[in-house]
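Below: one structure, written as structure tokens.
The values are calculated or read from the model by the stated rules, or taken from the named source; none is laboratory data. Here the structure is a predicted model, which means the values were calculated and not measured. Cβ placement follows ideal geometry from the backbone for every residue including glycine, while neighbour counts extend to all protein chains displayed. Quick note on the areas: whole protein, heavy atoms, side chains included, nothing else; ligands and nucleic acids left out. Shrake-Rupley method; radii C 1.70, N 1.55, O 1.52, S 1.80 Å.
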Amino acid sequence: MKIVPGPASRELGEKIAALVGAKTVPVAHKTFPDGEDYLKLARSVQNEHVVIVQTTGLSQNTKLMQLAFMVDAAKRNGANRITAVVPYLAYARQDKMFLEGENISIETVGKMLAASGLDELITVNIHQENTLKSFPFPARSLSAIPVIAEYFIKKNIQKAFALSPDKGALHIAAQAQEVLGGECGHLEKQRDRYNGKTKQTSKNLNVKGKTVIIFDDIISTGGTIVGAAKILHNLGASRVFTACVHALLVDGAEKKILSAGVEEIVGTDSILNNVNKVSLAPLISNELRTI
Ligand code: R5P
């Protein structure tokens, strides 16, 4: 097995290679003056199982194209199996036609990667696991929630209440609860499909005097977490933290969340920024060892 640390996940790819004990294939990368990307595998991949590590966070389109280029390069240069490790898989939230006239973005992504020559895909906490079934190649999603919850245990925050901002993500809160040893629950969230605005409410949630950690797969604009934090403070929670796997943090999300009385935002190296406090390398390398 040879690991290709893509331009979007260089450090993570190298950490994974060190943990797996595999050699890396560096990628020469440049951007032309007009914005087009150029990539070249700098070592041979002939007859190798090639594992390309490339997240597809901001900016999503560029990083997806880079991924497709690397898959194509591996295929054309004789790799015998190509696995993509894509911690954040962009477009996974558009997994159905919510409104007439829409497309299904994540299916287009799957077709594009299959056409480039991809054999299998490993991602982390994809928005909906069912999405993986729509891909024309085997795909699986790992969960980073237990390792994120461990971060809080190491900080001596135990028996915290694990909360998901909507019912669909309750399984995430339940996974965190197993590590934290406290309770878990969820809020209700409705999204207006036309303007994207969300409305959150709580039902039978007893968090008075408790430390609460809001767990989500993605934090984008931070609107969901800010709304949840307001509800928790109104219900008398004593401390509020938030954690997610993919901290996109756009539109000043970090500032908005901290101003809403959230003590700390915890993310992973799926997305590189200053809230990236938990590495996915051990989780992914354990999975690669099983191949
Ligand atoms: C959607 O259901 C996701 O799980 C996240 O809750 C959502 O993407 C977060 O978006 P934002 O931070 O913009 O509220």
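Brief remarks follow.
- Relative contact order of the chain, defined on C-alpha pairs under 8 angstrom at six or more residues apart (%): 13
- Scattering curve values for segment 98-221, log₁₀ I(q)/I(0), Debye with Cα scatterers, q = 0.21, 0.22 Å⁻¹: -1.18, -1.23
- Restricting the calculation to Cα atoms, segment 186-291 yields a radius of gyration followed by a Dmax of 15.3, 48 Å.
- Once C-alpha pairs closer than 8 Å and six or more residues apart are averaged by separation and normalised to the residue number of segment 68-165, the relative contact order reads 26 percent.
- Each residue of segment 159-168 was assigned a 3J(HN,Hα) from its phi angle through the Karplus expression (A = 6.51, B = -1.76, C = 1.60, θ = phi - 60°), giving 6, 6, 7, 8, 10, 9, x, 8, 5, x Hz with x at Gly and Pro.
- Neighbourhood charge, 11 Å Cβ-Cβ cut-off, centred on V27 and excluding it, Lys, Arg +1 and Asp, Glu -1: +3
- From phi via Karplus (6.51, -1.76, 1.60), per-residue ³J(HN,Hα) for segment 254-260 in Hz, x at Gly/Pro: 4, 4, 4, 5, 5, 5, 7
- Under 5 Å, built H, 5+ apart or other chain: amide partners of T211: F161, S238, R239
- Global form of segment 134-177, assessed from the alpha-carbon gyration tensor, a/c cut-off 1.5: oblate
- Calculated mean residue ellipticity at 222 nm for the chain: -9500 deg cm²/dmol, from DSSP H runs with n ≥ 4 weighted as -39500 (n - 2.57), summed, divided by the residue count and rounded to 500.
- Where chymotrypsin sites (Phe, Trp or Tyr not before Pro) fall in DSSP loop in segment 1-99, at most 16 other Cβ within 10 Å: F98
- Per residue, the chain exposes 46 Å² of solvent-accessible protein surface, assessed with a 1.4 angstrom probe and all protein chains in place.
- Low-density loop cleavage sites - GluC sites (Glu not before Pro) in segment 238-291, where at most 15 other Cβ are within 10 Å (DSSP): E263
- Largest GNM mean-square fluctuation across V27, V212, V266, computed for the chain with C-alpha springs under 10 Å, falls on V27.
- Couplings 3J(HN,Hα) of segment 80-91, computed from phi: 9, 7, 10, 10, 9, 9, 10, x, 9, 9, 4, 6 Hz, in residue order, whole Hz [Karplus 6.51 cos²θ - 1.76 cosθ + 1.60, θ = phi - 60°; x for Gly and Pro].
- Percent carbon-and-sulfur accessible area, the chain, ignoring ligands, DNA and RNA, probe 1.4 Å: 48
- Cα gyration tensor shape for the chain, rounded if a/c is under 1.5, else prolate or oblate: prolate
- Computed over segment 89-161, the quotient of the alpha carbon radius of gyration and 2.2 N^0.38 Å is 1.45.
- For N234 and E100, a Förster radius of 45 Å and the Cβ-Cβ distance give a FRET efficiency of 0.75, rounded to the nearest 0.05.
- Cα Rg over Rh - segment 10-125, Kirkwood: 0.99
- Charge sum, other residues only, whose C-beta stays under 13 Å from G222's C-beta, Lys/Arg counted +1 and Asp/Glu -1: 0
- Cα long-axis angle, helix 10-20 against the chain (0 to 90 degrees, to the nearest 10): 80
- Where a label projected 7 Å from the Cα of Y194 along Cα→Cβ would reach, residues of segment 100-135 with amide N under 17 Å: 100-102
- Per residue, the average separation of C-alpha pairs within less than 8 Å and at least 6 apart gives segment 222-291 a relative contact order of 28 percent.
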